[in-house]
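Remarks on the structure that follows.
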Amino acid sequence: MKNPISITSISSISPLGNSLDDIWNNYLNSNHCFSKTSLFDTEVLVSKLPVSAKKEIKALRASDSKYKSLDDSVLFAIYTSRKAVEQAGWNPSDNFGINIGSSRGATQLFEKHHEAFLKTNKANTLSSPTTTLGNISSWVAHDLQTQGPEISHSITCSTALHALLNGIAWINSGMCDKFLVGGSEAPLTPFTIAQMQALKIYAKENKNEASYPCLALDVDKTKNTMILGEAASVACLEQGEKENAIAKIIGLGYATEVLEHNASLSTNADCFQKSMVMALGNLNPDEIDIIITHTPGTIKGDLSEYNAIKKIFCNKIPSFTTNKWKIGHSLGASGMLSVEMAVLMLMYQEFISVPFIEEIKPKRIKNIMINAVGFGGNAVSILLSK
């Protein structure tokens, strides 16, 4: 990147909470956020918002009659966007755009409307406008009363980081001064979870095993342990190095590979190798202190990314970490939650480790790489610095 991009604020709502202080404090403990929920007469593990955060979303839904018919994925995005824009000091009159995506979109509403259709052969009046993917950024723009462009997209689990790429491209083109970017996901619905189970990648509870049901980043595991979580996270981007920046983006990379299978990467994740090299640019790999991996908790997904990192960083691999062992996989929102984790480590100068992984702590925390990839082999790597 010729010119750095400043992150002037970041906000999220997730199983970790809905304020940076609460989120940081929850990162400091070694507890996970998983609980059981009933699904098709059985119980499955999921990662839900805490009660306090759910109350905030409930209050938002009740605050405007138009919001009563919106999916949680849209409400999560509205809530986090309000906070991020306020923290950054942006005004509606500012020339800023919005790009907030989602892997699955309005899953809860879609399943509800489809169930009703199967019973009556008629669709609800608002079933189409409230379940389109463009719903997210459009409603955020309505809520903030902005004047800039608004984009929503789905690039599966790398959606939030692709939104970040889009925001940077718009800013660098001179078509926008600032961009609000991120992802939102409310995937804790029967059909969404059933789809993951059908792929045989979802975790199964075993009371006789260790206390961590999602073994994200453990490359020696013998079973798939992915667990879904609900969340949204957005960041405010501005061109150049701003005085109020909480971190700056100094590198970015992206790549797509030819798939060996509809839901898996190549053995050595060729797309990640290309995206990481692109993000490094002229920077020496030795200067990367931490990598926040995508590692969703699946055998093949975790191992292929690890192999890719070994190929690029050889014998001087940076410290590894991830947050999916703790909060699960929030699909399209997960990449921005990893960015938030990186920002917090840069702010507090403390490494957040994975409790069941023996990892050497970095000697410094200056440059952090964040990886994300999804079905389709579409990898993104982002490089953050203090």
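Please give the number of the condition residue 376 fails out of (1) touching a strand residue (DSSP E or B) at 6+ places or on another chain (Cβ under 6 Å); (2) closer than 28 Å to residue 133 by Cα.
(1) is the only condition that residue 376 fails.
Return the pairs, sorted by first residue and then second, in which the second residue is part of a loop (DSSP other than H, G, I, E, B), the first residue lies in the range 120-131 and is open to solvent by less than 70 Å² (accessible area, probe 1.4 Å), the beta carbons are less than 9 Å apart, and the residues are 6+ apart or on different chains.
130/70; 130/71; 130/106; 130/124; 131/71; 131/105; 131/106
In the range 235-259, what residues are open to solvent by less than 10 Å² (accessible area, probe 1.4 Å) and among the aliphatic types (A, V, I, L, M)?
Selection gives 235, 237, 247, 249.
Can you spot a residue in the range 207-216 that is open to solvent by less than 30 Å² (accessible area, probe 1.4 Å) and either modelled with pLDDT of 95 or more or in contact with a Leu (Cβ under 6 Å, 6 or more places away or on another chain) (or both)?
Yes, some residue in the range 207-216 is open to solvent by less than 30 Å² (accessible area, probe 1.4 Å) and either modelled with pLDDT of 95 or more or in contact with a Leu (Cβ under 6 Å, 6 or more places away or on another chain) (or both).
Does residue 225 satisfy the condition of being surrounded by 18 or more Cβ atoms within 10 Å (Cβ to Cβ), touching a residue at least 40 places away in the same chain (Cβ under 8 Å) and under 22 Å from residue 324 (Cα atoms)?
Yes, satisfied.
Do any residues in the range 301-314 that are of a type outside the set (Phe, Trp, Tyr) and open to solvent by less than 10 Å² (accessible area, probe 1.4 Å) have Cβ atoms under 8 Å from those of residues that are in a helix (DSSP H, G or I) and at pLDDT below 95, where the two are at least six apart or on different chains, and which pairs are they?
Here the result reads 308/270, each pair linking the range 301-314 to a residue that is in a helix (DSSP H, G or I) and at pLDDT below 95.
Restricting attention to the range 82-103, and to residues there that are open to solvent by 10 Å² or more (accessible area, probe 1.4 Å) and touching a Ser or Thr at 6+ places or on another chain (Cβ under 6 Å), which single residue is modelled with the lowest pLDDT?
Here the answer is 92.
Looking at the range 33-81, which of its residues are assigned to a strand (DSSP E or B) and either open to solvent by 80 Å² or more (accessible area, probe 1.4 Å) or of a type in the set (S, T, N, Q) (or both)?
35, 36, 37, 38, 42, 43, 47, listed by residue number.
The values are calculated or read from the model by the stated rules, or taken from the named source; none is laboratory data. On a predicted model such as this, the values are computed, not experimentally measured, just so you know. Reconstructed Cβ throughout: ideal geometry from the backbone, glycine too, with neighbour counts over all protein chains shown. Just so you know, the surface numbers come from the protein's heavy atoms only, side chains and all, with ligands and any DNA or RNA stripped out. Shrake-Rupley method; radii C 1.70, N 1.55, O 1.52, S 1.80 Å.
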